[in-house]
1. Pick from region 288-342 the residues that are among the small types (Gly, Ala, Ser) and not in a loop (DSSP other than H, G, I, E, B): which of them is farthest from residue 411 (Cα to Cα)?
2. If only one of 495, 504 is touching a Lys or Arg at 6+ places or on another chain (Cβ under 8 Å) and either farther than 30 Å from residue 583 by Cβ or in a loop (DSSP other than H, G, I, E, B) (or both), which one is it?
3. Report, by residue number, each residue of region 379-398 that is closer than 14 Å to residue 343 by Cβ and at pLDDT below 85.
4. Within region 438-455, which residues are open to solvent by 20 Å² or more (accessible area, probe 1.4 Å) and either charged (D, E, K, R) or outside any helix (DSSP H, G or I) (or both)?
5. Out of all the residues in region 421-437, which are open to solvent by 40 Å² or more (accessible area, probe 1.4 Å) and either aromatic (Phe, Trp, Tyr) or outside any helix (DSSP H, G or I) (or both)?
6. Pairs under 9 Å by beta carbon, first residue on the phi > 0 side of the Ramachandran plot and modelled with pLDDT of 85 or more in region 350-369, partner assigned to a strand (DSSP E or B) and charged (D, E, K, R), six or more apart or different chains?
7. Kindly provide the set of residues from region 242-275 that are open to solvent by 50 Å² or more (accessible area, probe 1.4 Å) and in contact with a strand residue (DSSP E or B) (Cβ under 6 Å, 6 or more places away or on another chain), ordered by number.
Amino acid sequence: MNKNQLSAFLQKGNRTTWCVFALLALLTFVKCVIFQWEVYHSIMISSLWRDPLSFWSFWLPKIGISLFIASFVFFGKHNYWTVVLQLFIDTWMLANMFYLRSNGILFNGFTFTMASNMDGFWSSIWALFQWKDIIPFLLTIIYLLILYFLNKAGKHFAWKAGLVVLLVAILMNWFAFALVKQFSVQFYKHGMGKEEHSTFYYMKYNPFAYSYRMSLQPMNKDYGFDNFSVIHGFIYVMLDYCHNVHEMNSPYVLTDEEQTIAQQFRGTNTELTYDDLLLIIIVESLESWTIDPTILPHLTHFMETHPVLYAKYLKSQIVGGSSADGQMIINTGVLPIQQGATCFRYPYVTYPSLINRRDSAVTILTHSANCWNQAVMGEAYGYDTTIEGTVEDSILSERIINYAEHNYQTIQGITIASHVPFNFADRSALKLPEDMPTHMSKYLRCLNWTDEGLGYLFERIDSIPQLANATILITGDHTIFWKDKRDEFSSYCEKKNLSYQPQKGYVPLIVYSPKKISKSIVVEDICYQMDIYPTILSLIGAEDYYWQGFGVNLMDSTARHNRSITEEDAYILSDKLIRSNWFATQP
């Protein structure tokens, strides 16, 4: 069939309309499958004969949403709106892939509000780009070219056919929801033995339900995406955003039981009598396995020549706010909210703090104060001043020393060089094997560059009285690599017989406090970031401070093995304390 014959064929009846419909439905369906594969590396083919229920609960929503979208071509004369829609789907897919690679979860309702925190960090986002990400856009371009040819053949309205297809698509979607409900109940009844929670888990799989999500953060990417589609996911995110805005405007009210539990973590002393300097240094993305003299020679030398508390394995407890969450945990002793970034959702509630009742406290940044809402949150944590930086970790030491010599009581310094995409790797003189995995090599060299800058501070500590008597905390805000990367790095290190082994992802904590730590202490237990706050309280003699935090003093081995609250319960209660603005009611 030549071009003229094809045009003549399409001009009869509604053939062009049906062709556009089929093409659009197929294109949308293929993109849903591509997204599913990229996120979960599975498209459930083998389940057709192993578990038909799960197979159809997976495929029907993707077929249903594709038919639903395509059905609207029957109701209009022009079809170019479908190209705009496809470009929107492509962009939505790409944004989710970037967010997944960066944070391990897909978009949620508050991701949109976090765009301003990327001031100066857009290179970190584009560093996550992979060439395969352009495939959906290429498919859209091919679709546009075919659509241009089909439109030349003419197009007719087909209301009756469109209504029938639309009705079938709607019924297919709702039937898919029913299948997912049965699948989730069956899975948790037989797989988990939690029949009584079947309704709970159904809510997890329903993209239009936003209740019961608090304890599902580790499974957040399942929301509206796993058993449904990337397009259903957009609907979920929009509804979830509206729900969360309503939630923000309607503070949570603690139950009597929750009030009682929270009171157990209160002290009676509202004043800090610690007169020496408290210095907090947060090193961007610092993981425990990098505490090695080859990578961090100045820090490890300081640890070898000074009595320090060294906790090797702190579990990172960030949720939706990455670096901001880590900073919040250290400064407040509470954990972040379970949905969205705390620094954007609740910047103006009252937070407990190490320094709420101390004078002259400063945060020194090496990036913009707009990032992670730093200026506002610094004030919320009790800092008088937030100093924007020069994006040079090498200058951070000089600034810390300057404020220390001016008798500031609390200084918080935050580095930036080891942030993705590791732009400062070339500044380092560290020699690494040429065949080392690229991300590993760049990350280590960036940390080495940061260590070089902090080396000046470590060298001056003994000669500056304010620093010599200070309590100095050095830790990371969070880990940076997912398990697959650490496994790759570990395999390489074992092969090369290197001293550092990246197989476990933890944050280290190094604390120097000469008046309380006279001999080095090494904590080998797996602990938590929430333990940093009560450990500092103990070191500065504030064990009965008005807020003691959910963690434990890491110098107390008995407390480490006898916690009064589990991590899961601490997450849930912290979320409620923040949303209810509970600390505003406490003296």
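The values are calculated or read from the model by the stated rules, or taken from the named source; none is laboratory data. Everything numeric here is computed off the predicted structure, so don't read it as measured data. In this analysis, Cβ positions are derived from the backbone assuming ideal geometry, glycine residues included, and neighbour counts consider all displayed protein chains. What goes into the accessible areas is simple: the full protein's heavy atoms, side chains included, and nothing from ligands, DNA or RNA. Shrake-Rupley method; radii C 1.70, N 1.55, O 1.52, S 1.80 Å.
1. Of the residues in region 288-342, the ones among the small types (Gly, Ala, Ser) are 288, 311, 316, 320-324, 326, 333, 340-341.
From what's left, not in a loop (DSSP other than H, G, I, E, B): 288, 311, 323-324, 326.
Numbers: 288: 23, 311: 22, 323: 18, 324: 17, 326: 16 Å.
Result: 288.
2. Values: 495 fails: touching a Lys or Arg at 6+ places or on another chain (Cβ under 8 Å).
Being touching a Lys or Arg at 6+ places or on another chain (Cβ under 8 Å) and either farther than 30 Å from residue 583 by Cβ or in a loop (DSSP other than H, G, I, E, B) (or both) holds for just one of 495, 504, which is 504.
3. Here is the first cut: in region 379-398, the ones closer than 14 Å to residue 343 by Cβ are 379-381, 383, 386.
Residue satisfying the conditions is 386 alone.
4. 442, 445, 452
5. Listed by number, the residues that qualify are 423, 429, 431, 433, 434, 435.
6. Close Cβ pairs satisfying both conditions: none exist.
7. 269
Each row is one residue, and each column tells you yes or no for (1) open to solvent by 40 Å² or more (accessible area, probe 1.4 Å); (2) among the aromatic types (Phe, Trp, Tyr); (3) at positive phi.
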site	(1), (2), (3)
539	no, no, no
542	no, no, no
546	no, yes, no
564	yes, no, no
